[in-house]
Amino acid sequence: MTASLRQAAVDLDAYRANLDLVREWMDPVELMAIMKADAYGHGLEPIALAAVDAGVRWIGVLTVLAALRLRAIGVDEAVRVFTWQHAPDLDFRDAIDSAVDLGVSNVPELERVVDAVDHRPARVHLGFDSGLHRDGATPEHWPDLVAAALEAQRAGRIEVVAAYTHLAESSDDEDSASVAAFDAAVEQAEDAGLDIPLQHVAASLAGLERKEFRKDMVRMGANLFGIPGADGVSAADLGLEAVMTLRAAVAKTKRVPVGTGVSYDYTYRTATETTLVLVPVGYADGVPRLAQGRLEVAINGKRYPIAGRVAMDQFLVDVGDDDVRVGDTVTLFGTGEHAEMTVLEWGAALDTIGEEIVCRIGARVPRVYEGHDAEGHVAEYLRGER
Ligand SMILES: *Cc1c(COP(=O)(O)O)cnc(C)c1O
């Protein structure tokens, strides 16, 4: 394996293949590739550069800070970068200077954007709250937001680029009601004299399952990382590929007698004389402390259960009488091709979703990028040339 004790391998070719597949599904609708939370834990810059190399024209990151990181490595203004969560004291000047697209949810936020405008208008997407109750103006406050946007646009301070909302994905009927409310809000804005050039509503799940919600653009994250959202649907069912593989190297092995208590609290005791293997990945790296009985890892093509509490930096595996040696590769999750669990299986085993699993892989785990054209922008970035 590699010199590192632990690593998250990120397969940029798989990301690219997922992009191509998703664009084919969505054609002719535009795709915004969502890369919040450091590209769902995969690393923002390499993922963004791979996407830009593949011709992606819209990227979504949560914050202006993340958008500016992309501008700083040469993601130029031909690529639109959308942001939608803004600190209450954020100074929007750099965002506007760098043509970062701003989701705006209420009149005070719009006023702060307008106040920051200098020589070029701010690019604004008006957020509508269609029932999720996170961002967006509620139906009650929407007319005021529209009126303020209209005034600011007439004054040349902003350019209204889009209206958008985000769905709860609770049930088909509730999502339909949310989209109907959004449609009514767009109509209301247009009746008030505001042109809405673009509408975007759907993320991975609705974009895939509800064609009528695709509007002008879908905002997709999870699908691109090979993590489909529908119950019981695997990545392979859809033709998506897992992008992240979490690996470690066996750090130590130890032969112990029957009845040996393992790790903190001795929640596991050996049933026979056996070999324990130390895996140098812990809850600081994103493996939950209570994973015993839920997760198995693959070593040399075979699955073994986690034995005892996961500690901050390591856990133990009971491999019986199998010949496992220091340095052997332990695969925690990945494509499933070498007997390892997938990220979806982790999600199911831990009562959560795959996105949470990849997002909480800790900063201590080096991301190692595999695949992708060696002459591409990612390679330049990784060599420190961008
Ligand atoms: C996270 C997010 C998305 C992408 O969601 P996926 O289900 O990962 O595709 C899209 N839009 C908004 C506003 C989001 O917060």
Answer from Arg134, Arg57, Arg69 - the residue that is in contact (Cβ under 8 Å) with a residue 24 or more places away in the chain, closer than 30 Å to Ala222 by Cβ and in contact with a Leu (Cβ under 7 Å, 6 or more places away or on another chain):
Arg69
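With in contact with a helix residue (DSSP H, G or I) (Cβ under 9 Å, 6 or more places away or on another chain) and farther than 19 Å from Ala149 by Cα as the only criterion, which of Arg69, Arg80 stands out? Write out each step before concluding.
Working: Arg80 fails: in contact with a helix residue (DSSP H, G or I) (Cβ under 9 Å, 6 or more places away or on another chain).
Answer to the selection: Arg69.
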Does region 101-116 include one or more residues that are surrounded by fewer than 21 Cβ atoms within 10 Å (Cβ to Cβ), modelled with pLDDT under 95 and assigned by TED's automatic domain parsing to the domain that holds Gly60?
no
Cβ pairs under 6 Å, 6+ apart or interchain, first in region 108-123 and part of a helix (DSSP H, G or I), second surrounded by fewer than 19 Cβ atoms within 10 Å (Cβ to Cβ), ordered by first then second residue, are Ala116/Arg93
Take Asp20 and decide whether it is of a type outside the set (Ser, Thr, Tyr), assigned to a loop (DSSP other than H, G, I, E, B), more than 14 Å from the ligand (Cβ to nearest atom) and out of contact with any Lys or Arg (no Cβ under 8 Å at 6 or more places or on another chain).
no
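Of the residues Ile47, Ile73, only one is of a type in the set (A, V, I, L, M) and in contact with an Asp or Glu (Cβ under 7 Å, 6 or more places away or on another chain); which? So that I can check it myself, show each step before the final result.
Values: Ile47 fails: in contact with an Asp or Glu (Cβ under 7 Å, 6 or more places away or on another chain).
Result: Ile73 is the single residue among Ile47, Ile73 that is of a type in the set (A, V, I, L, M) and in contact with an Asp or Glu (Cβ under 7 Å, 6 or more places away or on another chain).
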Can you find a residue in region 333-346 that is part of a strand (DSSP E or B) and of a type in the set (Val, Ile, Thr)?
no
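Just one of Asp231, Asp237, Asp313, Asp321 is surrounded by fewer than 21 Cβ atoms within 10 Å (Cβ to Cβ) and touching a Gly at 6+ places or on another chain (Cβ under 7 Å); which is it? Lay out the reasoning, then the answer.
Values: Asp231 fails: touching a Gly at 6+ places or on another chain (Cβ under 7 Å); Asp237 fails: touching a Gly at 6+ places or on another chain (Cβ under 7 Å); Asp321 fails: touching a Gly at 6+ places or on another chain (Cβ under 7 Å).
Answer to the check: Asp313.
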How do the pairs read when you match residues in region 193-218 that are farther than 16 Å from Ser130 by Cβ and acidic (Asp, Glu) with residues anywhere that are surrounded by fewer than 23 Cβ atoms within 10 Å (Cβ to Cβ) and modelled with pLDDT under 95, using Cβ under 8 Å and keeping only pairs 6 or more apart or on different chains?
Glu209/Ala230
Which numbered condition in (1) assigned to a helix (DSSP H, G or I); (2) surrounded by 17 or more Cβ atoms within 10 Å (Cβ to Cβ) is the only one that Leu65 fails?
(2)
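Do we find a residue being at positive phi, touching a residue at least 24 places away in the same chain (Cβ under 8 Å) and away from the ligand (no atom under 16 Å from the Cβ) anywhere in region 348-368? Reasoning before the result, please.
Initial filter on region 348-368 (at positive phi): 351.
Retained after the next criterion (residues that are touching a residue at least 24 places away in the same chain (Cβ under 8 Å)): none.
Within region 348-368, not a single residue is at positive phi, touching a residue at least 24 places away in the same chain (Cβ under 8 Å) and away from the ligand (no atom under 16 Å from the Cβ).
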Among the listed residues Ile306, Ile227, identify the single one that is within 28 Å of the chain's Cα centre (by Cα) and under 30 Å from Val61 (Cβ atoms).
Ile227
Conditions: (1) touching a residue at least 60 places away in the same chain (Cβ under 8 Å); (2) over 21 Å from Asp172 (Cα atoms); (3) surrounded by 21 or more Cβ atoms within 10 Å (Cβ to Cβ). Ile306 meets all but one. Number of the miss?
(1)
From the option list Ala206, Ala184, Ala177, Ala189, single residue qualifying as touching a strand residue (DSSP E or B) at 6+ places or on another chain (Cβ under 9 Å), more than 12 Å from the ligand (Cβ to nearest atom), in the same structural domain as Asn18 (by TED's automatic domain parsing) and part of a helix (DSSP H, G or I) is Ala189
I'm checking my understanding of the structure. Among residues of region 152-171 that are part of a loop (DSSP other than H, G, I, E, B) and within 30 Å of Ala230 (Cα to Cα), which one is nearest to the ligand (Cβ to nearest atom)?
His166
Residue hits (region 131-151; within 16 Å of the ligand (Cβ to nearest atom) and surrounded by fewer than 19 Cβ atoms within 10 Å (Cβ to Cβ)) are Leu132, His133, Arg134
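Condition first: basic (Lys, Arg), under 23 Å from Lys36 (Cα atoms) and more than 11 Å from the ligand (Cβ to nearest atom). Now tell me which residues in region 211-238 satisfy that.
Residues of region 211-238 basic (Lys, Arg): 211, 214-215, 219.
If we keep only those that are under 23 Å from Lys36 (Cα atoms) as well, we get 214-215, 219.
The answer is Arg214, Lys215.
The values are calculated or read from the model by the stated rules, or taken from the named source; none is laboratory data. This one's a predicted model, so the numbers in the text were calculated from it and none came from an experiment. Using ideal geometry, Cβ is built from the backbone for each residue, glycine included, and neighbour counts are taken over all protein chains shown.
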